[in-house]
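The values are calculated or read from the model by the stated rules, or taken from the named source; none is laboratory data. Values in this document were obtained by computation on a predicted structure and should not be read as measured data. Please note: Cβ atoms are built from the backbone with ideal geometry, for glycine as well, and neighbour counts cover all protein chains shown. Please note that ligands, DNA and RNA were not included when accessible areas were found on the heavy atoms of the full protein model with its side chains. Shrake-Rupley method; radii C 1.70, N 1.55, O 1.52, S 1.80 Å.
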Amino acid sequence: MKILQIQYVLKIAELQSFSKAAKELYISQPSLSQHIFRLEEQLGVPLFDRTTMPLKLTYAGECYVEKARQILNLNNQLLREIEDITTFKKGRLILGVPLFSGAFLLPVILPMFHQKYPGIELVIIEKTSSDLEQSVLKEEVDFAIFNTPSHSEGIVCETILTEEIMLAIPPDRKSPLNYSVNLSELKDKHFILLRRESTLRQIVNEYFKLAGFNPRIFIESRNIITVSQLVKAGSGITFIPETIAYFSGIPRNFLHHIEGSVQSWNLVLTYKKGRYLSKLDQAFITVAKEVLSNFKKRRR
């Protein structure tokens with residue numbers, strides 16, 4: 001059943017005349033009659049009683065018209081919704097973010113995206129980075145943002161922010177530290193670190209290995225917010241990415257570069273390889289990159 005056939009039948013039923021309907025539809029009457037004849041042959045029943053004037057519907061025609069109006073309304077509704085989607089007036093994105101750093105990322109990215117595309121619904125899924133990778137592969141999310149490039153060949157990673165891992169050290173008036181610090185000078189200090197399974201901790205372990213000592217770990221935590229607050233309270237030293245340091249309120253005089261450090265902290269936006277990127281998907285990637293780039297410039 002074609003939409004054009006439905007429109008022809010409804011117009012004939014409305015005007016009760018083939019000739020009047022043909023005139024409004026800008027089609028010749030013989031051509032219109034042929035369309036309806038083929039439809040009736042296909043259905044196996046006549047839709048119009050041609051022995052009456054004005055033209056009347058048969059019982060089959062009445063059933064057809066009732067359902068045809070519903071179909072046409074649904075088709076019109078679908079076309080409007082598709083138009084809304086293609087013009088970003090309507091749509092939905094499912095975004096995966098890390099359990100803790102998502103609290104810092106979302107307030108930066110989402111307000112600008114919502115301002116540009118207020119009709120788009122954003123569904124937020126919070127998981128660990130490793131779990132987010134699996135969600136991307138299973139297509140449970142459209143995108144996932146986390147701080148470790150995926151090692152899976154089935155995932156595409158786009159870097160949306162590159163920043164430095166800093167040392168956060170409570171100021172010590174007796175022995176002031178330079179802005180850049182040689183990690184080996186801190187071998188007798190107490191460290192507050194994330195647990196071993198975290199991506200940041202795996203990088204930090206490499207730092208200690210290069211510095212030639214095992215750290216004196218005072219506290220381990222799964223939560224980087226907890227770690228940052230303990231450092232602010234003067235309980236020890238930690239490693240922290242610039243953005244998280246900013247959002248957790250660690251003062252600038254706590255933050256120091258690590259001498260000889262070449263390891264950057266990449267925030268990546270990931271999606272499944274081969275996934276078709278709609279215009280909406282591309283718009284989200286563009287906004288995320290633009291907002292985080294501008295945010296980093298403003299902070300400095």
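Structure above, values below:
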| quantity | calculated |
| --- | --- |
| Residues of the stretch 210-233 classified as over 23 Å from N253 (Cα atoms) and β-branched (V, I, T), total | 0 |
| Options G212, G236; residue that is touching a Leu at 6+ places or on another chain (Cβ under 8 Å) and at positive phi | G236 |
| Unique match (being farther than 30 Å from Q134 by Cα, part of a loop (DSSP other than H, G, I, E, B), free of Cβ contacts under 8 Å to residues at least 40 places away in the same chain and open to solvent by less than 40 Å² (accessible area, probe 1.4 Å)) among I36, I27 | I27 |
| Answer from L32, L47 - the residue that is farther than 19 Å from K67 by Cα and aliphatic (A, V, I, L, M) | L32 |
| Cβ pairs under 9 Å, 6+ apart, first in the stretch 274-291 and surrounded by 12 or more Cβ atoms within 10 Å (Cβ to Cβ), second among the aliphatic types (A, V, I, L, M) and part of a loop (DSSP other than H, G, I, E, B) | I285/L277 |
| Strands (runs of 3 or more DSSP E) wholly inside the stretch 190-300 that include at least 3 residues being closer than 23 Å to L110 by Cα | 264-272 |
| S135 being at pLDDT below 85, part of a helix (DSSP H, G or I) and either over 13 Å from the mean Cα position of the chain (by Cα) or on the phi < 0 side of the Ramachandran plot (or both) | no |
| Hits in the stretch 53-106 - residues which are in contact (Cβ under 8 Å) with a residue 12 or more places away in the chain, assigned to a helix (DSSP H, G or I) and either open to solvent by 70 Å² or more (accessible area, probe 1.4 Å) or closer than 30 Å to T128 by Cβ (or both) | R69, I85, T86, G102, A103, F104, L105, L106 |
| Verdict on A22 being open to solvent by less than 20 Å² (accessible area, probe 1.4 Å) and small (G, A, S) | yes |
| Positions within the stretch 114-132 being outside any helix (DSSP H, G or I) and open to solvent by 50 Å² or more (accessible area, probe 1.4 Å), in sequence order | P118, E121, I124, I125, E126, K127 |
| Filtered residue count, the stretch 75-94, keeping only those that are under 13 Å from Y117 (Cβ atoms) and not hydroxyl-bearing (S, T, Y) | 8 |
| Any chance V156 is within 24 Å of the chain's Cα centre (by Cα) and open to solvent by 30 Å² or more (accessible area, probe 1.4 Å) | yes |
| Scan of the stretch 107-123 for residues that are in contact with a Leu (Cβ under 9 Å, 6 or more places away or on another chain) and either farther than 13 Å from F284 by Cβ or in contact (Cβ under 8 Å) with a residue 40 or more places away in the chain (or both), ordered by number | V108, I109, F113, Y117, I120 |
